[in-house]
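Presented below is the structure to which this report refers.
The values are calculated or read from the model by the stated rules, or taken from the named source; none is laboratory data. Note that the coordinates shown come from a computational prediction; the quantities given were computed from them, not determined experimentally. Neighbour counts run over all protein chains shown; Cβ positions are idealised from the backbone, glycine included. Each accessible area value is taken on the protein alone, full model and side chains, heavy atoms only, with ligands, DNA and RNA left out. Shrake-Rupley method; radii C 1.70, N 1.55, O 1.52, S 1.80 Å.
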Amino acid sequence: MSENYKHWQVNRDNNDIAWLHIDKADSTTNVLSAELLNEFEIILDDLTTTPPRGVAILSNKDSGFVAGADVNEFTQFENEDEALTAIRRGHTIFNKLEQLPCPTVALIHGFCLGGGMELALACKYRVADDDPKTKLGLPEVKLGIHPGFGGTVRSIRAMGAPAAMNFMLSGRNMSARIAKRQRLIHYATPKRHFINAAISIINNPQKIKLQPLPLWIRLASYKHFRPFVAKMITKKVAAKAPRAHYPAPYALLELWVHHYDDRKEMLDQEAQSVAKLIIGRTAQNLIRVFTLQDELKALGRYDDYQPKHVHVIGGGVMGGDIAAWCAFRGFTVTIQDQKKAALANVSKRAYRLYKKRLKIKRLITSAMDRLIPDPKGNGLKRADIVIEAIFEDAKVKQDLFKSIEPIIKPDAILATNTSSIPLDEINIALKQPSRLVGLHFFNPVAMMPLVEIVKSPTTDEDVSKKAAAFTKQLSKLPLPVTSTPGFLVNRVLMPYLMEAMVLANEGVPLTVIDKAATDYGMPMGPIELADTVGLDICLHVAENLSKNMSIEVPEKLKYMVEKGLLGKKSGQGFYLFNKGKPVKEKPGKEYSPPNDLQDRLVLRLLNEAVACLRDNVVETERQADAGIIFGTGFAPFRGGPFNYINYRGQEQLTKMLEKLQSRHGPRFSADEGWLKTGN
Ligand code: NAI
């Protein structure tokens, strides 16, 4: 017997097993929308009335089981009560699933995240595909909430508090194998065995017994120990996510400490806690960041474009790491440098990256096989994309492009990783200048999620679309920007870094400057950031920008670079570095920082962001916010500079700029673009 719903397909077979296929209509991915859950409830009510011998839940989508709740619905709640009603509905439905009087099995492949993981946890048994693509996770903290469909209660009971807390607080995904080890699932097996696995579990449920949790794990949840364990975890959390900015992890820990002994009460409190968090600013802003990320990914949609071979010229800091990353993501890569030693170094660094990320020998070897040192440039004629990352010199770049144009395939894309040279200065050497696009990666390549897709007026639209698609295939976020000095990210970052250096020059202790920025929510202070990026690079970018913008390059910066004090890489910059970590001296107790310190830093960045939008460096406020968050790490819980501007209001912020201008000079004069914002 088979029944079709809009988002579900239900088959009850001859052995009286009900197979529930999740198949969200008009979508390539399953998400738990209210409509999909409503249908699920009808199905569960039917199954409760006439229970089958067993139930198996699986997905019809290639992308995976369920990617989570429908995040768009999170932004629709008018108030806490509305949110609570929606969350309680989820609870009711998942409780019905849990209470079915027969074995229930979740068959998981691909993504099984958030609400999807909670659905699986409400089944009595979980089987996951033993494939690297399987990703199980409860990433709700990344959206400023914690699991809200019973996931807090059920994950702790399945895995024990230490592992479950780590799982929920980190928001990290798990492979099927690790999930099995951590008792999150019962079996890890190839997907082709799913049907047999489900039948065998349903036929013999009593055979499946997980080892009981070891005593020490159970003790962690014992009433008298919980506050102590939570205190230790809180300390670790606080180092990464301050309570004032990120309340969700603390709410989760409190939920466990106060209510774990009473399952029903904990479920009820879980719903209340999430309802409160979800309508708060942090969650709404983090949800915004999540949707911004999706919007950037969408810019890379171009299904017909399937490049295979990438040729990188220049195996230095950037080219080497770009090549390694491309091979890591499955491309065949030839890497060319005029120096053999540079190529040897590329292989060494790539091996380190693969060892860390891939772990399995076979996978490391095949990634290394894809990364081919090519001192003579033999790969040029086969490449679908050529990326140039040689010295930052227009003439040298022109000569290179001129020399390779006759060799490469007619439809190959030419890309430059230049950080400051206008594309039209480089492409004049080409017969077909429209094929040149900028692919501006950030350092370190493996860590930074953003790539600016730099377009000049000459760049062919199709070429920049293909460059964005390639970027997405590299698992990076493409941001289209115009070929103007500093593009978006460096342009907004530089005034902020320079202001930090001016403050340092005024005698404000370095740690005080950095703390003002981290208190605002930046992941790292500007002085430490400059030292980490390298003071030579900062100087180079700042000098370039100063030709077109009112950026004053501090004399001290020039002096430090001359003396070889380059920051982390030389062991000494503004900070002294010990084993790669800055030595931070605390200011004396009597020291009190200037009260406009944080405003000086933040407003220079905001003012420049406004100027970028006025100059059409990016098209929209949303793209600017996305670029600045993913390119600079700008306080994610604030939802981006423009989101912050719109929240505080243009009037208030421009008044602050006026005050700063009268105190500190014209570098604080409000950009005329402010007139269009914050209203
Ligand atoms: P680098 O100096 O570390 O590496 C440049 C490499 O290119 C050297 O190994 C050199 O031997 C090689 N090279 C130079 N001319 C060549 C030629 N004609 N043929 C083959 N190889 C040649 O430089 P880095 O830092 O990697 O920068 C490369 C490009 O990336 C520059 O345009 C820079 O502005 C840009 N960039 C740099 C960033 C950084 O943080 N270092 C960040 C983003 C972009």
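Give the residue that is farthest from the chain's Cα centre (by Cα), with candidates limited to residues of the stretch 451-472 that are open to solvent by 50 Å² or more (accessible area, probe 1.4 Å) and more than 19 Å from residue 420 (Cα to Cα).
460
Take the stretch 381-394 and flag every residue that is over 12 Å from residue 319 (Cα atoms) and either touching a Pro at 6+ places or on another chain (Cβ under 8 Å) or away from the ligand (no atom under 11 Å from the Cβ) (or both).
381, 382, 383, 384, 385
Considering 420, 434, 475, which residue is within 15 Å of the ligand (Cβ to nearest atom), surrounded by fewer than 18 Cβ atoms within 10 Å (Cβ to Cβ) and of a type in the set (Ser, Thr, Tyr)?
Values: 434 fails: within 15 Å of the ligand (Cβ to nearest atom); 475 fails: within 15 Å of the ligand (Cβ to nearest atom).
Residue meeting the stated conditions: 420.
Regarding residue 372, is this residue within 34 Å of the chain's Cα centre (by Cα), touching a residue at least 60 places away in the same chain (Cβ under 8 Å) and more than 14 Å from the ligand (Cβ to nearest atom)?
Spelling it out, it is not the case that residue 372 is within 34 Å of the chain's Cα centre (by Cα), touching a residue at least 60 places away in the same chain (Cβ under 8 Å) and more than 14 Å from the ligand (Cβ to nearest atom).
Please state which of the following conditions residue 427 fails to meet, knowing it meets all the rest: (1) farther than 16 Å from residue 325 by Cβ; (2) touching a Lys or Arg at 6+ places or on another chain (Cβ under 9 Å); (3) open to solvent by 10 Å² or more (accessible area, probe 1.4 Å).
Exception for residue 427: condition (3).
For the stretch 1-26, which positions are small (Gly, Ala, Ser), free of Cβ contacts under 8 Å to residues at least 24 places away in the same chain and either crowded, with 20+ Cβ neighbours inside 10 Å or outside any strand (DSSP E or B) (or both)?
Narrowing the stretch 1-26 to residues small (Gly, Ala, Ser): 2, 18, 25.
If we keep only those that are free of Cβ contacts under 8 Å to residues at least 24 places away in the same chain as well, we get 2, 25.
The one that is small (Gly, Ala, Ser), free of Cβ contacts under 8 Å to residues at least 24 places away in the same chain and either crowded, with 20+ Cβ neighbours inside 10 Å or outside any strand (DSSP E or B) (or both): 25.
I'm trying to understand the selection: among the residues of the stretch 27-45, which are surrounded by fewer than 19 Cβ atoms within 10 Å (Cβ to Cβ), touching a residue at least 24 places away in the same chain (Cβ under 8 Å) and more than 28 Å from the chain's Cα centre (by Cα)?
35, 39, 41, 42, 45
Among 561, 610, which is the only one that is over 30 Å from residue 658 (Cα atoms) and of a type in the set (A, V, I, L, M, F, W, C)?
On the way: 610 fails: over 30 Å from residue 658 (Cα atoms).
Of the residues listed, the single one that is over 30 Å from residue 658 (Cα atoms) and of a type in the set (A, V, I, L, M, F, W, C) is 561.
Pick from the stretch 529-556 the residues that are in contact with a Pro (Cβ under 8 Å, 6 or more places away or on another chain) and at pLDDT below 95: which of them is most open to solvent (accessible area, probe 1.4 Å)? Walk me through how you get there before you give the answer.
Step one: of the stretch 529-556, the residues in contact with a Pro (Cβ under 8 Å, 6 or more places away or on another chain) are 531, 544-545, 547-551.
Still in the running and at pLDDT below 95: 544-545, 547-551.
Working: 544: 34, 545: 4, 547: 152, 548: 108, 549: 31, 550: 88, 551: 15 Å².
That would be 547.
When residues of the stretch 424-483 are filtered for being among the hydrophobic types (A, V, I, L, M, F, W, C) and in a helix (DSSP H, G or I), how many remain?
Applying the first criterion (among the hydrophobic types (A, V, I, L, M, F, W, C)) to the stretch 424-483 yields 426, 428-430, 436-437, 439, 441-442, 445-448, 450-451, 453-454, 463, 467-470, 474, 477, 479, 481.
Those left that are additionally in a helix (DSSP H, G or I): 426, 428-429, 463, 467-470.
Result for the stretch 424-483: 8.
Yes or no, residue by residue, for (1) within 15 Å of the ligand (Cβ to nearest atom); (2) surrounded by fewer than 18 Cβ atoms within 10 Å (Cβ to Cβ):
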{"residue": "293", "(1), (2)": "no, yes"}
{"residue": "298", "(1), (2)": "no, yes"}
{"residue": "302", "(1), (2)": "no, yes"}
{"residue": "306", "(1), (2)": "no, yes"}
{"residue": "313", "(1), (2)": "yes, no"}
{"residue": "316", "(1), (2)": "yes, yes"}
{"residue": "319", "(1), (2)": "yes, no"}
{"residue": "328", "(1), (2)": "no, no"}
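State which residue is farthest from the ligand (Cβ to nearest atom) when the search covers only the stretch 335-364 and only residues that are in contact with a strand residue (DSSP E or B) (Cβ under 6 Å, 6 or more places away or on another chain) and either in a helix (DSSP H, G or I) or among the acidic types (Asp, Glu) (or both). Give the derivation first.
Start the filter on the stretch 335-364 by keeping residues that are in contact with a strand residue (DSSP E or B) (Cβ under 6 Å, 6 or more places away or on another chain), which leaves 335-336, 343, 346, 350.
Within this subset, residues satisfying the condition of being either in a helix (DSSP H, G or I) or among the acidic types (Asp, Glu) (or both) are 343, 346, 350.
Values: 343: 9, 346: 9, 350: 15 Å.
Going through the qualifying residues, I end up with 350.
The rows are residues; the columns are (1) in a loop (DSSP other than H, G, I, E, B); (2) open to solvent by less than 30 Å² (accessible area, probe 1.4 Å).
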{"site": "217", "(1), (2)": "no, yes"}
{"site": "227", "(1), (2)": "no, no"}
{"site": "236", "(1), (2)": "no, no"}
{"site": "243", "(1), (2)": "yes, no"}
{"site": "246", "(1), (2)": "yes, no"}
{"site": "253", "(1), (2)": "no, yes"}
{"site": "261", "(1), (2)": "yes, no"}
{"site": "272", "(1), (2)": "no, no"}
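Scan the stretch 527-579 for residues that are assigned to a loop (DSSP other than H, G, I, E, B), within 13 Å of residue 504 (Cβ to Cβ) and among the small types (Gly, Ala, Ser) and jot them down.
573
Quick one: what pairs do we get from the stretch 648-665, first residue outside the structural domain of residue 502 (by TED's automatic domain parsing) and touching a residue at least 12 places away in the same chain (Cβ under 8 Å), second assigned to a helix (DSSP H, G or I) and small (Gly, Ala, Ser), C-beta under 6 Å, 6+ apart or different chains?
none
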